[in-house]
Amino acid sequence: MLSAIFNLRFALITWPAILLVLAAGLMVGFPAQDWWLVPFAALCLCSVLVGLHDLRQTRHAVLRNYPVAAHLRFLLESIRPEMRQYFFEGDKDGSPFPRDQRAIVYQRAKRELDKRPFGTQFDVYEEQYEWLHHSIAPKPVLPHDDLRMMIGAGSAQPYSASLLNISAMSYGALSANAIRALNKGARLGGFYHDTGEGGVSPYHRENGGDLVWELGSGYFGARAADGSFDPVRFADAATEPQVRMLELKLSQGAKPGHGGVLPAAKVSEEISLIRGVPLGVDCVSPARHSAFSTPVGLLEFIARMRDLSGGKPTGFKLCIGHPWEFMAICKAMLATGITPDFIVVDGKEGGTGAAPLEFMDHVGMPLRDGLSFVQNALVGIGVRDRVRIGASGKITSAFDMARVLALGADWCNAARGFMFAVGCIQAQSCHTGACPTGVATQDPLRQRAIVVPDKAERVASFHRNTLHALAELVAAAGLSHPSELRPHHFLRRASSDKVISLAEQYEQLAPGQLTADPASSPRFAEAWAASSADSFARAG
């Protein structure tokens, strides 16, 4: 017992207890002179009480062995992300976004100097280093307003979209003020704002920016009482003039194949109204859709959405998983003659407010691989000229945009880039409700930090300056428009003594090659043979 009293592990209980007894004795013996001992005695008493609590609790083993002192571990652990970001992180090695990528967004959003001195910090002879070929005869730089493209050219209400837009982020995941700032910025800059699968909220409508309504498996905003798709409610919302396109979400990069549940306690009256779900009941977003179960059914549902909207461009978003499933969709396009107006390819590097670690780290195809696969599959079946492709997944800079445009994208969506423009500091507390900048929280006191008019200007400035940087890259490559970018324009150091182009890394199919001679492509032949228009299951 005596050894335990003087063991250093328990020193913050035993020595304060001894000092507390001595202080009490002095205060009793000399009450007039020793008033200054009161705060000292109180401190000792607190240490003893905390230590006794630590010894008796059963949750943390380290506190039982190191009472009081082990609380320092929890304190240091709680500030570890901030310490790493502010003191130890290099400009190129932060995660998920390094410091220089965040800085370029902040600078362009604030219209500050976005240049760098003294040369690149990259080791240009390191494996995976990438660069863009430039031209001896650069072209004139296009105005950023010219960097647009048409989606749904054959539909009743085609849409002219910017090459950079706000990717899907729902109200609920983001605060009301963040949604307001993003949408007002989209209106100021002339680009669209994807609602996310949470539905079209009043905060999306407030400032009049163009909207792409994302409809997920929960059918929020177009949901019947039993959770199924309600065509009447859908038509009422889809025909609103502010809604410019419709996007059916099949999966998202950060957690493909995973549904979600908003607990009943979090289903407020406002959320109930926006999403069309009852109060006091868990709000379930299933992992799969109930409105269709086959590739043909998917395309028929896309056509139905387009008809109900009055002919607005309609497509779907997905992260590529089993290759034969997308091939099955391609075969369904050929069988039915129905094509979506667009497909958004979401890379597994995409972000989200919260996802299981295993899904976030190890499920889903990365953007470049998935994008190249979709591009070549559509080319291979001969429908690429009818289907536009969007790309999303960790896009913040003009180089990020140029690379995916070269791989087949017609335009880009960015989520976290625009979050940085609104004020996100990558605190990575989105899932806690305690976002320090008010971006990803429903706490009214926290979200008041976002001053909507100021942040809206920053959103528009980030968009404008990033497109200007893209125009400069394209001109430097000797091209007239980003649509002229091709995989051979980009080089990658595959090893210390080998450089390859993206055209060499990713197989390029000829128009109609898959339908004419599927066996001629090793990358696509197996998936093509394993697919069927009538089922997502692997054939054979």
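The values are calculated or read from the model by the stated rules, or taken from the named source; none is laboratory data. This is a predicted model, so every value here is computed, not measured. Glycine gets a Cβ as well: all are built from the backbone with ideal geometry, and neighbour counts include every protein chain shown. Note: areas computed on protein heavy atoms with side chains; ligands, DNA, RNA excluded. Shrake-Rupley method; radii C 1.70, N 1.55, O 1.52, S 1.80 Å.
Is it the case, given these coordinates, that residue 323 is under 27 Å from residue 255 (Cβ atoms), open to solvent by 30 Å² or more (accessible area, probe 1.4 Å) and in contact (Cβ under 8 Å) with a residue 40 or more places away in the chain?
yes
I'd like to check which helices (runs of 4 or more DSSP H) are fully inside the stretch 352-406 and have at least 1 residues that are without any contact (Cβ under 8 Å) to a residue 40 or more places away in the chain and open to solvent by less than 30 Å² (accessible area, probe 1.4 Å). Before the answer, list the steps.
Working: elements: 357-362, 367-380, 398-406.
In the stretch 352-406, 367-380, 398-406 are the helices (runs of 4 or more DSSP H) which contain 1 or more residues that are without any contact (Cβ under 8 Å) to a residue 40 or more places away in the chain and open to solvent by less than 30 Å² (accessible area, probe 1.4 Å).
Within the stretch 58-107, work out how many residues are in a helix (DSSP H, G or I), charged (D, E, K, R) and over 26 Å from the mean Cα position of the chain (by Cα). Even if it seems obvious, please write down each step before you answer.
Kept after step one, since they are in a helix (DSSP H, G or I), are these residues of the stretch 58-107: 61-65, 71-78, 80-88, 99-107.
With the extra rule that they be charged (D, E, K, R), the set shrinks to 64, 73, 77, 80, 82, 84, 99-100, 102.
Adding the requirement that they be over 26 Å from the mean Cα position of the chain (by Cα) leaves 64, 73.
Number satisfying all stated conditions: 2.
Against the condition buried (at least 16 other Cβ atoms within 10 Å of the Cβ), basic (Lys, Arg) and either under 20 Å from residue 388 (Cα atoms) or under 21 Å from the mean Cα position of the chain (by Cα) (or both), how does residue 288 come out, does it pass? If you could, list the steps in order and put the result at the bottom.
Working: buried (at least 16 other Cβ atoms within 10 Å of the Cβ): no; basic (Lys, Arg): yes; either under 20 Å from residue 388 (Cα atoms) or under 21 Å from the mean Cα position of the chain (by Cα) (or both): yes.
It is false that residue 288 is buried (at least 16 other Cβ atoms within 10 Å of the Cβ), basic (Lys, Arg) and either under 20 Å from residue 388 (Cα atoms) or under 21 Å from the mean Cα position of the chain (by Cα) (or both).
Condition first: closer than 15 Å to residue 506 by Cβ and either modelled with pLDDT under 95 or within 20 Å of the chain's Cα centre (by Cα) (or both). Now tell me which residues in the stretch 375-399 satisfy that.
389, 391
From (1) part of a loop (DSSP other than H, G, I, E, B); (2) modelled with pLDDT of 95 or more; (3) at negative phi, pick out the condition that doesn't hold for residue 208.
The single condition residue 208 does not satisfy is (3).
Restricting the search to the stretch 141-170, which residues are touching a His at 6+ places or on another chain (Cβ under 6 Å) and surrounded by fewer than 22 Cβ atoms within 10 Å (Cβ to Cβ)?
Residue satisfying the conditions is 144 alone.
Determine which member of the set 39, 31, 16 is over 42 Å from the mean Cα position of the chain (by Cα), over 29 Å from residue 427 (Cβ atoms), loosely packed, with under 11 Cβ neighbours inside 10 Å and at pLDDT 80 or above. Show your work before the answer.
Numbers: 31 fails: at pLDDT 80 or above; 16 fails: loosely packed, with under 11 Cβ neighbours inside 10 Å.
Of the residues listed, the single one that is over 42 Å from the mean Cα position of the chain (by Cα), over 29 Å from residue 427 (Cβ atoms), loosely packed, with under 11 Cβ neighbours inside 10 Å and at pLDDT 80 or above is 39.
Could you grab the pairs with beta carbons closer than 8 Å, sequence gap of 6+ or different chains, first residue in the stretch 116-144 and assigned to a loop (DSSP other than H, G, I, E, B), second one exposed (fewer than 10 other Cβ atoms within 10 Å of the Cβ)?
125/496; 127/495; 127/496
When the residues of the stretch 191-233 are narrowed to those that are open to solvent by 10 Å² or more (accessible area, probe 1.4 Å) and of a type in the set (Ser, Thr, Tyr), which ends up farthest from the chain's Cα centre (by Cα)? Write out each step before concluding.
Filtering the stretch 191-233 for residues open to solvent by 10 Å² or more (accessible area, probe 1.4 Å) gives 197, 200, 202-203, 205-208, 210, 217, 221, 223-233.
When the remaining residues are screened for being of a type in the set (Ser, Thr, Tyr), the result is 203, 217, 228.
Working: 203: 20, 217: 18, 228: 26 Å.
Residue satisfying both the conditions and the ranking: 228.
Just give me the residues in the stretch 509-530 being under 13 Å from residue 381 (Cα atoms) and within 29 Å of the chain's Cα centre (by Cα), in sequence order. Step through it out loud before you land on a result.
Keep residues of the stretch 509-530 that are under 13 Å from residue 381 (Cα atoms), which gives 509-518, 521, 524-525, 528.
Correct list: 524 only.
Considering every residue within the stretch 327-334, establish whether at least one is farther than 18 Å from residue 413 by Cα, crowded, with 24+ Cβ neighbours inside 10 Å and in contact with a strand residue (DSSP E or B) (Cβ under 8 Å, 6 or more places away or on another chain).
yes
Cβ contacts < 8 Å: first residue within 13 Å of residue 174 (Cβ to Cβ), restricted to the stretch 409-432; second residue part of a strand (DSSP E or B) and at pLDDT 95 or above, any location; separation 6+ or different chain. Result?
Within 8 Å, the pairs are 415/166; 415/392; 418/166.
Does the stretch 171-185 include one or more residues that are part of a loop (DSSP other than H, G, I, E, B), in contact (Cβ under 8 Å) with a residue 24 or more places away in the chain and surrounded by fewer than 23 Cβ atoms within 10 Å (Cβ to Cβ)? Before you say what the answer is, go through the steps one by one.
Taking the stretch 171-185 first, the residues part of a loop (DSSP other than H, G, I, E, B) are 172-173, 175.
Going one step further and asking which of them are in contact (Cβ under 8 Å) with a residue 24 or more places away in the chain, we end up with 172-173, 175.
Applying the additional criterion that residues be surrounded by fewer than 23 Cβ atoms within 10 Å (Cβ to Cβ) yields 173.
Looking through the stretch 171-185, at least one residue is part of a loop (DSSP other than H, G, I, E, B), in contact (Cβ under 8 Å) with a residue 24 or more places away in the chain and surrounded by fewer than 23 Cβ atoms within 10 Å (Cβ to Cβ).
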